[in-house]
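Scroll down for the structure; my scribbles are underneath it.
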């Protein structure tokens, strides 16, 4: 049976590679958004995780509560993987494709589970309510009340929840936010025609077909560049989340990534062959994922302000006068490749590792099915060193009391790498960003204490400071 799985995460921080989920909540519904089941999981803090103080004061989840009542990350992630991979499941939430879904992929990777199957296998797929809400605000805004901050609409879920009474309870509680997301979807579904039209943008095949039907940008240019309107969070509330954009082509290095040149930027006309990266703004997108691309119909173009409409026309004339430079811009972005990062920690190596082969998937399945007492021996069944390292870390993080003492020195070495003497020794992710160190977390706590904190936030910081000083001895 086709179902929707609305879900939300509360995490120890924003690093998808190095942080962890503390609370997972989900509500499964039928296609009319009638609730079928709900789930809420609290997860124990892993011994190697350094929580971010900013995240701690957002959700105020007690470390003590998580340690006493929570399950291991390994057990939780296996359960979550099963939920999102149930056949015919559409998983969604509010900004889930912008944050939560990638967080899940790294959790699946870290725990030797297939990271991507919930996106395509067994008729599963993903959606995201945030870009849908942008579309409703732009073109069918009578369905909701729209909160404003400093004269601009706010699309934050907590503000929409308050303005529209979507749910009760404190925001940044995963279950409360899921309940708000389900009710939000029910309100949007009242305009079924609009809902179906926007939902189609999460269908890869239809999303691509729409792009291929966009009109040519210019009849004077040899290349058939296409003109569209990009709806996306990166455009910003001050620009109605809507920007004219030119389809440049596809990335040569990143599968299914298409490239869109913003045409509402005055800096565009300052471009030379030597400053393309500084004077142009390109959005990278995959079909079936945000942002949403619309044709430049009059009813859509009307949402551009007069200044940007004139700027679009000026930029078009300028590009028509500089066709060779436009080709150089397209070639630069289509051939662009992120700089290779050396010594990426295995937790962060999801995008640099080859997918598990069928044999390795079967080995991983046997590892998961093996009794705890026998899991250590089964680690050696993995031929790839990276998979063996992930398996060993999994055991230490989640099953440490049952791991032989002679193996614990390996985990002690890893924990030292989590809390090295020098910042330059910190573990790094796939973009070269270093792991948060305990001393940095403590310094951030001191800075946050200078701000106006609620009592529960102050309590969260006190608990976090005590944990860091005791656990990491800083």
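Quick one: if the Förster radius is 45 Å, what FRET efficiency do residue 1 and residue 400 give, using the C-beta to C-beta distance and rounding to 0.05? Step by step, r from the Cβ atoms, then E = 0.65.
Give me the log10 of I(q) over I(0) for region 29-74 at q = 0.16 Å⁻¹, as the Debye formula computes it from C-alpha points; what are the numbers? Values returned for q = 0.16 Å⁻¹ are -0.59.
The angle between the Cα long axis of helix 101-110 and the main principal axis of the chain comes to about 40°, on a 0 to 90 degree scale.
Over all distinct Cα-Cα pairs of region 371-445, the Kirkwood formula returns a hydrodynamic radius of 14.2 Å. By the count of neighbouring beta-carbon atoms within 10 Å, fewest first, 91, 62 end up ordered 62, 91.
Ordered by the count of other Cβ atoms within 10 Å of each Cβ, fewest first, 67, 194 give 67, 194. A Förster radius of 25 Å combined with the Cβ-Cβ distance from residue 191 to residue 116 puts the calculated FRET efficiency at roughly 0.20.
Extension gain, residue 149-residue 58: 0.36 nm per intervening residue step, less the Cα-Cα distance, totals 30.8 nm. By the beta-carbon count within 10 Å of each Cβ, the least crowded to most crowded order of 345, 459, fewest first, is 459, 345.
Would any residue of region 95-132 have its amide N under 15 Å from a label point 7 Å out along Cα→Cβ of residue 254? List them or say none. Of the residues in region 95-132, 98-99, 102 have backbone N under 15 Å from the label point off residue 254. Of the labelled figures (1) 58; (2) 55; (3) 70, only one reflects percent of Cα pairs over 28 Å apart as derived from the coordinates, namely (1). If the segment from residue 40 to residue 299 were pulled out straight at 0.36 nm per residue, it would be longer than the present Cα-Cα gap by 89.0 nm. Angle between the Cα long axis of helix 174-189 and the longest principal axis of the chain, 0 to 90 degrees, nearest 10? The angle comes out at about 30 degrees. Give the residues of region 50-84 whose amide nitrogen is closer than 15 Å to a point set 7 Å from the Cα of residue 462 in the direction of its Cβ. Answer for this model: 62-64. Taken along the Cα-to-beta-carbon direction at a fixed 7 Å, the label points for residue 168 and residue 410 span 5.2 nm. Take the Cα of residue 79, step 7 Å toward its Cβ, do the same at residue 238, and the gap between the two points is 4.5 nm. Along the Cα-to-C-beta direction of residue 14, a point sits 7 Å from the Cα; which residues of region 65-108 have their amide N less than 14 Å from that point? Within reach of a label on residue 14, which here means backbone N under 14 Å from a point 7 Å along Cα→Cβ, region 65-108 contributes 98-100.
Compared with the rule-of-thumb size 2.2 N^0.38 Å for a compact globular protein, region 237-279 has a Cα radius of gyration ratio of 1.36. The modelled label-to-label distance for the pair residue 340/residue 320, using points 7 Å beyond Cα in the direction of Cβ, is 4.5 nm.
If R0 is taken as 41 Å, the Cβ-Cβ distance between residue 279 and residue 213 corresponds to a FRET efficiency of 0.85.
Going by alpha carbons, how many degrees (0 to 90, nearest 10) lie between the helix axis of 358-369 and the longest principal axis of the chain? Its long axis makes an angle of about 50 degrees.
Across the chain, the mean sequence separation of Cα contacts (distance under 8 Å, 6 or more residues apart), normalised by length, yields a relative contact order of 15 percent. From helices alone, the chain scores -12500 deg cm²/dmol at 222 nm; the rule is -39500 (n - 2.57) for each run of n ≥ 4 DSSP H residues, then divide by the residue total.
Summary value for region 114-185: 19 percent relative contact order, contacts being C-alpha pairs under 8 angstrom separated by 6+ residues. For region 203-335, the Kirkwood estimate of hydrodynamic radius, built from reciprocal distances between every pair of different alpha carbons, is 14.9 Å.
Peptide packing for 78-88, 23-33, 236-246 was compared via the average number of neighbouring C-beta atoms within 10 Å per residue; ordered from the highest value, the list is 236-246, 23-33, 78-88.
Only the coordinates and a few stated rules stand behind these numbers; no lab work does. Just so we're clear, the structure is a prediction, and the values are computed from it rather than from any experiment. Heads up, the Cβs are rebuilt from the backbone with ideal geometry, glycines too, and the neighbour counts pull from every protein chain shown.
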